[in-house]
Amino acid sequence: MSSQISSHILHTHEHTPTLTLPHPVSGSSNSIPSDLLILQVNAFLEAAEDVEVDPETIQELVQLISDKRELPDVVDEPGLESEGNEWLSGEEHLDEDLDISALFADVNDGTWTKEEIREMMHFLKERGMGHFVRKYAINLAIPISKLLLAFGIKLCPELQQTSRSTLVYFLRVAMWKELRIRDKLPQYNTIADAVDLIRNGKRILILTGAGISVSCGIPDFRSRNGLYAQLGDYELDDPQQMFDINYFRENPSVFYSFASQIYPSNFVPSPCHRFIKLIEDKGQLLRNYTQNIDTLETLAGVERVLQCHGSFATASCLLCRRKVPGSEIESDIMRRKVPLCSVCNPLTAVSKNGKKLSKKKAKGEWDSDCEDESDGPTYPPGIMKPDITFFGEKLTDNFDRSLEEDRENVDLLLVIGTSLKVAPVADILSHLPHSVPQILINKTPVKHINPDIILLGNADDIILHLCGALGWDLPPPTALASPARSAERMQPPRGNMKKRPSTGMEDEAEFGIQEPRRVGDSHVWIFPGAEGGKWLSDLERKYTNELVPDSSPMSSAAQTRASTPATADLRREVKKARIE
């Protein structure tokens, strides 16, 4: 039993559809489930969007309500369908935009004192879900329904009688909700604090996203000019369909008509990549969790890197699962062809079938000798797929194992160049000990987290500023990789055509120093390239309104200089770089 309820806490799972329940209708109490039961079941089902759940648990919850509902032969009342469980169709909603807050109420029946609850929540946030379950549910054998009261959840009588595995799911939902609430550490606010944390960190965990590769010529996903914005010509219902595993299985040529634009060829690691390498060279890097698939961390020489979403480094056959080096399908990618497994598709078979990519492949079409293609394109068996993690695919077990190990050792978290939109990587911050300092370096705010120091702007500029304050010299940029058949691209290589020089402090020398600006006396600092939007405007307005009447108008610049004593060192480094 212990292995069942203390298993790994972070997973990417097949997307579980939200099941929306209908309005309760008038009728006898024996034929219609209680309002509270419907509310709680619906809330737990909606939580399955974020918390892994077994199909058996979903079935038990659905069956629980189905057993309570006795449908009449003729249904006159709104909200009920006449056949079976069609009331689960999702066309009707109990409450519009209902979320799992329906579970939580101010439960104060004396089961737990405030001090006991405070101690339990602290233990959860410092030790994690697994340790919490082992201590309270296994070692102390506290009933789960009683534990849930500490989280403000009082199960209705029907749910208290559900199976052990379903009760464990309820507890995991409660823990997930609580872990998302992190209190900022008040002692860390300034750039000087960030510099000290980085300088003194022994086991730094660095979480990176597409923002650290933008200056290399690789677009990010969600910005105004990002990848998703470029997918409007591909007749997709949703831009994310391009990276959906089910859509790929049906129409692989759509992905391969686009893949050459994101294939890691002719790219030079950015200052951010080289900063990670520098941290590792100094013996301070615990691990780099990257969401990127461009392998630039590896090109920069970083060894302690976990590619959470896979990469183009290898490819696998969807049919026989044969794995090959990514270079084996590189030529097909550059020519926008769908690569086929050489084992599942011997050359003779391909020649006999005579199937090839057409000029219409951008629309997911496939040429063959058949005249009638009314049922859609057909593809040979054994399509090769780069080992990047698509939506709908699970992350490797290595992610869970590494995170379980690292959460016990990390002493500083740096989040660089990511909006943290994709689970489970986005949930890493919640599941690390909340006492570990967190620094966010990103172009835009990330509203659903609460880091201790926020540095908004171009990631490269911020990293160069920090290196100057630390007195560190970045490693030189890695030499360009071989062209890798770039001549076969269907368009000019993106490469570094829009990339500015990135050789270290010379960047600051050539483009000049623009000192960061502090927002009031907050923990938020603005660098060049920041896009704070309404969030930043509201924050600045808040601190403007809080200014005392005799405040000096030059306080913002003064605060910046006073809080960053390393600025003078940075100026000296830039002057030195100009002279050299």
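Laboratory data are not the source of any read-out in this text; all were calculated from the coordinates shown. None of these values were measured; they are calculated from a predicted model. Positions of Cβ are backbone-derived with ideal geometry, glycine not excepted, and every protein chain shown enters the neighbour counts.
Can you compute 3J(HN,Hα) from phi for each residue in segment 112-127, using the Karplus curve 6.51 cos²θ - 1.76 cosθ + 1.60 with θ = phi - 60°, rounded to whole Hz and x for Gly and Pro?
Once θ is set to phi - 60°, the couplings for segment 112-127 become 10, 7, 4, 5, 5, 5, 4, 5, 5, 5, 5, 4, 4, 6, 8, 9 Hz.
Using unit Cβ charges (K, R positive; D, E negative) and no other charged atoms, how large, in debye to the nearest 20, is the dipole of segment 101-180 about its Cα centre?
It comes to approximately 300 debye.
In whole Hz and in residue order, list the ³J(HN,Hα) couplings for segment 279-296 that follow from phi through the Karplus curve 6.51 cos²θ - 1.76 cosθ + 1.60, θ = phi - 60°; x for Gly and Pro.
4, 5, 4, 7, x, 9, 8, 6, 5, 9, 8, 10, 8, 7, 10, 8, 6, 5
In nm, to one decimal, how far is the modelled label at Asn409 from the one at Lys337, with both set 7 Å along Cα→Cβ?
4.5
Asp538 to Arg118: FRET efficiency via 1/(1 + (r/R0)^6), r the Cβ-Cβ distance, R0 45 Å, to the nearest 0.05?
After rounding to 0.05, the efficiency reads 0.90.
Mind listing the long-range amide H neighbours of Gly310? Cut-off is under 5 Å, sequence gap 5 or more, other chains count too, H placed in the peptide plane at 1.01 Å from N.
Residues meeting the amide H criterion: Thr389.
Can you tally the lysine pairs in segment 101-180 where the Cα-Cα distance is under 18 Å and the two residues are eight or more apart, or on different chains?
9
Pairs to check: Lys184/Lys542; Lys443/Lys542; Lys282/Lys443; Lys394/Lys447; Lys282/Lys447; Lys337/Lys443. Give those whose C-alpha atoms are more than 29 Å from each other in this structure.
Long pairs (Cα-Cα over 29 Å): Lys282/Lys447; Lys337/Lys443.
Calculate one ³J(HN,Hα) per residue across segment 243-258 by plugging θ = phi - 60° into the Karplus curve 6.51 cos²θ - 1.76 cosθ + 1.60, and present them in order as whole Hz with x for glycine and proline.
Values, residue by residue: 10, 9, 5, 5, 5, 4, 5, 7, 9, x, 5, 5, 4, 6, 6, 10 Hz.
So how much slack lies between Thr111 and Arg164, counting 0.36 nm per residue of separation and subtracting their Cα-Cα distance, in nm?
17.0 nm
Would you please put 459-468, 262-271, 134-143, 307-316 in order of how densely packed they are, using the mean number of other Cβ atoms within 10 angstrom per residue and starting with the highest? Show your work: numbers first, answer last.
Values: 459-468: 25.7, 262-271: 23.0, 134-143: 13.6, 307-316: 20.1.
Peptide ranking by packing, descending: 459-468, 262-271, 307-316, 134-143.
With 10 angstrom as the radius, rank Met384, Met121 by how many other C-beta atoms surround their C-beta, starting from the fewest.
Listed from fewest to most nearby Cβ atoms, that is Met121, Met384.
When you have a sec, figure out the Kirkwood radius of segment 101-180 from all distinct Cα pair distances and drop it here in Å to one decimal?
12.8
For a quick protection proxy, order the peptides 154-163, 244-253 by their average other-Cβ count within 10 Å, most packed first.
Order by mean packing, descending: 244-253, 154-163.
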